[in-house]
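Laboratory data are not the source of any read-out in this text; all were calculated from the coordinates shown. None of the values given here were measured: they were computed from a predicted structure. Every residue, glycine among them, receives a Cβ derived from its backbone with ideal geometry; neighbour counts consider all protein chains shown.
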Amino acid sequence: MKAIYSALEKILQTKPLTEEPLSRHTSFRVGGPAEIFVKPQTTKEMVEIWETCRIHDIPLTLLGDGTNVLVSDAGLKGVVVSTNQMNAIALCENHCIRAQAGARLSKVAETACKAGLAGFEFASGIPGTVGGAVYMNAGAYGHDIGEFCKSVTLLTGGAGHVIGTVFGVMTLASVTQIFITAGLTKPWWQQIFVGAMFCFFVLFQSVVLLRRRRRILNA
Ligand SMILES: Cc1cc2nc3c(=O)[nH]c(=O)nc-3n(C[C@H](O)[C@H](O)[C@H](O)COP(=O)(O)OP(=O)(O)OC[C@H]3O[C@@H](n4cnc5c(N)ncnc54)[C@H](O)[C@@H]3O)c2cc1C
């Protein structure tokens, strides 16, 4: 593990941690140590971590905010990556929002409300990151991420390529088919999402959307 630690140290802006208790990084506050724990700040760092683990044949486990995982007291071997520092959110043209995988879902909802992009208020109170939400197809109040997720950017293939996969409506049932159609060899649950694009079809006054958001947060 010394070799991979040194390799990661060179790649990352923040120092990799060793024997880091995962109870510090999960909502349920349980979980033993990660052999190596890292928090990439950029997609480039994420790609390089992934490539390094692949070259050294070390298992890589992904965490967003750790709100939907239970880690054993025995901890995890290999490298555990938390994406929650890769958290940029940007308003784009055609009523879309682009978010990095580690952006908080609630922040995306707030950005949408402020911009008058309607429908995403349901996500205001769901804890966790965009990557975790895409993976889980998080939902509440009769809505889910798939209704708004126009595309995901993911790492796949043998050589660390970043591939954007575009699709209209994402449901767990259709995701596998989409990845097969796109010619990706690994099943979708082994992919690493680095970002997603959310698109909106209804515009509304932001003051009304922010009021709805507050109501959901106070519920
Ligand atoms: C108090 C509370 C309330 C909740 N309410 C709701 C709710 O209303 N609706 C709902 O749907 N869920 C809810 N959840 C569950 C949780 O918030 C969601 O599942 C959330 O989307 C998980 O995001 P996360 O970033 O914490 O993912 P994590 O818990 O860190 O990871 C979950 C899974 O996603 C994978 N993953 C994470 N990031 C990526 C990535 N970038 N690429 C690929 N895979 C990735 C992980 O490997 C793991 O398998 C709640 C949880 C708590 C604790």
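Is it true that some residue in segment 50-69 is of a type outside the set (Gly, Ala, Ser), within 13 Å of the chain's Cα centre (by Cα) and more than 10 Å from the ligand (Cβ to nearest atom)? No - not one qualifying residue is present in segment 50-69. Residues that are under 16 Å from GLN13 (Cα atoms) and surrounded by 20 or more Cβ atoms within 10 Å (Cβ to Cβ) within segment 25-49 comprise ILE36, PHE37, VAL38, LYS39, PRO40, GLU45, MET46, ILE49, listed in sequence order. For segment 123-139, the candidate set comprises residues that are touching a residue at least 40 places away in the same chain (Cβ under 8 Å) and more than 6 Å from the ligand (Cβ to nearest atom); within that set, the residue that is surrounded by the fewest Cβ atoms within 10 Å (Cβ to Cβ) is GLY125. For SER106, state whether it is out of contact with any strand residue (DSSP E or B) (no Cβ under 9 Å at 6 or more places or on another chain) and of a type in the set (S, T, N, Q). It is true that SER106 is out of contact with any strand residue (DSSP E or B) (no Cβ under 9 Å at 6 or more places or on another chain) and of a type in the set (S, T, N, Q).
Listed by position, the strands (runs of 3 or more DSSP E) contained in segment 19-111 that have at least 2 residues being over 30 Å from ASN218 (Cα atoms) and among the aliphatic types (A, V, I, L, M) are 33-38, 60-63, 76-82. Test ARG54 against the criterion of being closer than 18 Å to LEU154 by Cα and surrounded by fewer than 18 Cβ atoms within 10 Å (Cβ to Cβ), and give yes or no. Answer is yes for this residue.
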